[in-house]
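K.L.:
Dumping the structure here so I can ask a few things about it.
Read the figures in this text as sums done on the coordinates, not as results from a lab. Quick caveat: nothing in here was measured; it's all calculated off a predicted structure. Here Cβ is always computed from backbone atoms with ideal geometry, including for glycine, and neighbour counts include all displayed protein chains.
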Amino acid sequence: MLKINRNFATFYGIMLGDGCLSLINKKKKFISIASCIHDDLPFVEKVILPILKKLRGKETNLKFRPNIGTIELNFTDYKLFDFISSIEFPIGKKGKDIKIPKIFYEQNLIKYILRGYFATDGSLVLTNNNGILYPRIEASSISKELLKQVNDFLNNLGIKCAIYKRKKKEWRWSPQYRIQSNGRKNLKLFVKKIDFINPKHKEKLKKYLSASGES
């Protein structure tokens, strides 16, 4: 039985970032996740695959596509597909109207949604200013509503952040927005309240803490 729990909420957050549901010929139901081939293999192997095994009860195969720089999971699982789509996840292009469903608020699972989301569409940026590293947490989306939910939740936790519209005149077929949180205090609060689950973010955090003498 599939349940809305921490693992599923984390997976839903990952899907909000890098996943999609596809219905082929009105009957074949595919779940797809595409990650970067250059630095996301540890994330796929250590986080996504174990979660999928818990949700599906079996292994999920990977496909490496170096020609387009991705690691892909593309599989059929009708039960998981139907379960995800029943909780407001769109079939086909996610578009600008994706958001975090109310049920995750009701079950106090938003931080797990955010863990999955920041692991995919988020980043930890370290800017070197005369030998001093300044941290910035970012995430991007074409869904302003989704980022507003993320922004409100983080600010309510004391993690100060704001939403910006990207300056590029065009981004594919829709405007893109960015949420940004600056500085050491906000980073430490984010780690305490949400935390990073993507190994590449953990490595960058370790680098920052080491350079700051906090490791």
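K.L.:
Work out from phi, with θ = phi - 60° and the Karplus expression 6.51 cos²θ - 1.76 cosθ + 1.60, the ³J(HN,Hα) of each residue of the stretch 49-62, listed in order in whole Hz, and give x for Gly and Pro.
P.N.:
Along the stretch 49-62, the couplings run 4, x, 5, 4, 5, 5, 6, 9, x, 7, 6, 10, 7, 9 Hz.
K.L.:
Give me the Å³ per residue figure for the convex hull around the C-alpha atoms of the stretch 79-174.
P.N.:
129
K.L.:
For the stretch 6-95, go through all pairs of different Cα atoms, get the mean of 1/r, take its inverse, and jot down that Kirkwood value in Å.
P.N.:
13.4
K.L.:
Let me know the whole percent of all Cα-Cα pairs from the stretch 118-211 that are separated by more than 24 Å.
P.N.:
Percentage above 24 Å: 22.
K.L.:
Additional query: How high is the FRET efficiency between Asn129 and Asn155 when r is their beta carbon distance and R₀ equals 30 Å, given to the nearest 0.05?
P.N.:
0.75
K.L.:
Please give the helix 144-156 orientation as an angle from the longest Cα principal axis of the chain, in degrees from 0 to 90, rounded to the nearest 10.
P.N.:
It works out to around 50 degrees.
K.L.:
Amide H of Thr70: which non-local residues (sequence gap of 5 or more, or other chain) have their own amide H closer than 5 Å, using H built in the peptide plane?
P.N.:
Answer set, sorted by chain and number: Ile37, Arg65.
K.L.:
Then there is this: Could you rank the peptides 7-18, 92-103 by their average count of other C-beta atoms within 10 Å per residue, with the highest value first?
P.N.:
Answer by packing, highest mean first, reads 7-18, 92-103.
K.L.:
What angle, in degrees between 0 and 90 and rounded to the nearest 10, separates the Cα long axis of helix 110-121 from the longest principal axis of the Cα atoms of the chain?
P.N.:
Tilt relative to the chain: about 90 degrees.
K.L.:
Mean shadow of the chain, computed from the convex hull of its alpha carbons, in nm²?
P.N.:
Hull-based average projected area comes out at 13.1 nm².
K.L.:
So if I take the centroid of the Cα atoms in the stretch 105-151 and the same for the stretch 18-94, what is the distance between those two points in Å?
P.N.:
The stretch 105-151 and the stretch 18-94 have Cα centres spaced 21 Å from each other.
K.L.:
Could I have the simple spin-label model distance between Lys54 and Lys27, label points 7 Å from Cα toward Cβ, reported in nm to one decimal?
P.N.:
My value for the distance between the label points is 3.5 nm.
K.L.:
Rounded to the nearest 500, what is the chain's calculated 222 nm mean residue ellipticity when only DSSP H runs of at least 4 contribute -39500 (n - 2.57) each, over all residues?
P.N.:
So the calculated ellipticity at 222 nm is -11500 deg cm²/dmol.
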